[in-house]
Amino acid sequence: MLGECELHQELGRGAMGIVFKGYEPILARFVAIKMLAPESATNPIVRERFAREARAGAAIQHENVVTIYAVREVNGVAYIAMEYVPGVSLDKLIKESGPLPLATITQLARQIARGLSAAHKKGIIHRDIKPANIVLQNETGTVKIADFGLARNASDAGNLSQTGALVGTPYFMSPEQIQGQPASTASDLYSLGGVLYSLCTGEPPFPGTSLVAVLYAACSTNPTPIRERRPDLPVWLEAVVMRLLEKNPALRFPSAAAVVAALSDNGR
């Protein structure tokens with residue numbers, strides 16, 4: 001038990017926290033419970049990041065973003081109660097299925113872009129959009145963006161942690177983030193492009209074997225055009241993904257809503 005919530009099983013864990021499947025008897029519903037890992041619970045930087053995730057997620061009410069129900073603390077254990085999404089993360093889906101069919105790619109892409117648009121309208125930049133942070137619900141096929149642990153308000157220019165470490169996931173991080181420049185909504189759109197590239201090809205845009213190689217490639221080279229690897233995909237989809245992956249943020253789509261429009265106009 002954690003307060004009035006039953007903990008049923010561990011769903012996953014990362015460097016900062018542990019996620020459990022829980023049950024709230026009072027409301028008769030399953031929830032996902034995210035708590036700080038014991039080794040991180042006393043770190044003030046980690047605790048602030050944890051609180052930031054709760055604030056960012058709670059500010060967004062959209063069908064394509066995991067809903068935050070509550071932030072609580074019991075006997076010194078801080079935790080977030082959020083929507084439980086029975087499904088599979090896109091990184092696992094890609095590992096199991098490889099490149100996906102066109103109809104599936106466009107359906108998923110529109111939903112991710114809609115969720116990002118909702119976040120951006122609230123002034124929230126996710127900063128770590130990647131397949132592992134996107135869940136596909138089993139029964140409905142609904143996409144849910146999760147893990148706003150790195151999210152910042154658009155007015156906050158910082159991209160580095162207080163220790164000076166780069167924050168984000170290298171395979172899907174925008175060139176400007178890698179170079180220490182302020183993240184923006186355009187940075188999330190670059191990461192969205194990386195996710196779509198992975199859905200199309202089964203690999204990230206720059207699948208280097210070392211951190212240095214990935215970071216260098218992201219800042220200095222262009223990814224292999226999608227249709228060189230998937231000739232069955234249409235020209236318009238390649239154009240959308242490659243525009244999202246432009247090095248210069250000004251050359252990407254002006255907004256996530258514009259991405260939704262491009263996918264809807266062409267992907268019918």
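Bear in mind that the values in this text are calculations on the coordinates, not laboratory data. Quick caveat: nothing in here was measured; it's all calculated off a predicted structure. Neighbour counts run over all protein chains shown; Cβ positions are idealised from the backbone, glycine included.
Couple of notes before you dig in:
- The chain: relative contact order in percent, alpha carbon pairs under 8 Å with at least 6 residues between: 16
- Value at 222 nm in deg cm²/dmol, rounded to 500, when DSSP H runs of n ≥ 4 in the chain each add -39,500 (n - 2.57): -11000 deg cm²/dmol
- Residue of Leu245, Leu102, Leu189 that the Gaussian network model of the chain assigns the largest fluctuation, springs spanning Cα pairs under 10 Å: Leu102
- Amide proton proximity set for Val65, modelled H, under 5 Å, gap of 5+: Ile145
- For region 172-232, the convex hull spanned by the alpha carbon atoms encloses 75 Å³ per residue.
- Panel values: the chain, Kirkwood radius from alpha carbon pairs, Stokes-Einstein at 37 °C and 0.692 mPa s, translational diffusion coefficient 172 µm²/s.
- Shape call, region 6-83: gyration tensor on alpha carbons, a/c limit 1.5: oblate
- Residues Arg13, Arg230, arranged from fewest to most other Cβ atoms within 10 angstrom of their Cβ, appear as Arg13, Arg230.
- Length gained on full extension, Glu63 to Glu48: 2.8 nm, using 0.36 nm per residue less the C-alpha separation.
- Long-range HN-HN contacts of Gly17 with modeled amide H, under 5 Å: Ala37
- Choice from Asp147, Asp232, Asp128 showing the highest fluctuation, given a GNM over the chain with Cα pairs closer than 10 Å: Asp232
- For Gly22, nonlocal amide neighbours, meaning residues 5 or more places apart or on other chains whose placed amide H falls under 5 Å from its own, are His8, Val31, Ala32, Ile33.
- Label zone at Lys247 (point 7 Å along Cα-to-Cβ), backbone N below 16 Å, region 219-233: 219-225
- Once both labels are positioned 7 Å from their Cα atoms along Cα-to-Cβ, the gap between Glu228 and Arg55 label points is 4.5 nm.
- Cα gyration tensor category, rounded, prolate or oblate, for region 219-268 with a/c compared to 1.5: oblate
- Long-range tail of P(r) for region 46-149 (Cα pairs > 21 Å, %): 36
- Of Pro25, Pro204, Pro223, the residue with the greatest mean-square motion in the GNM of the chain, using alpha carbon springs below 10 Å, is Pro25.
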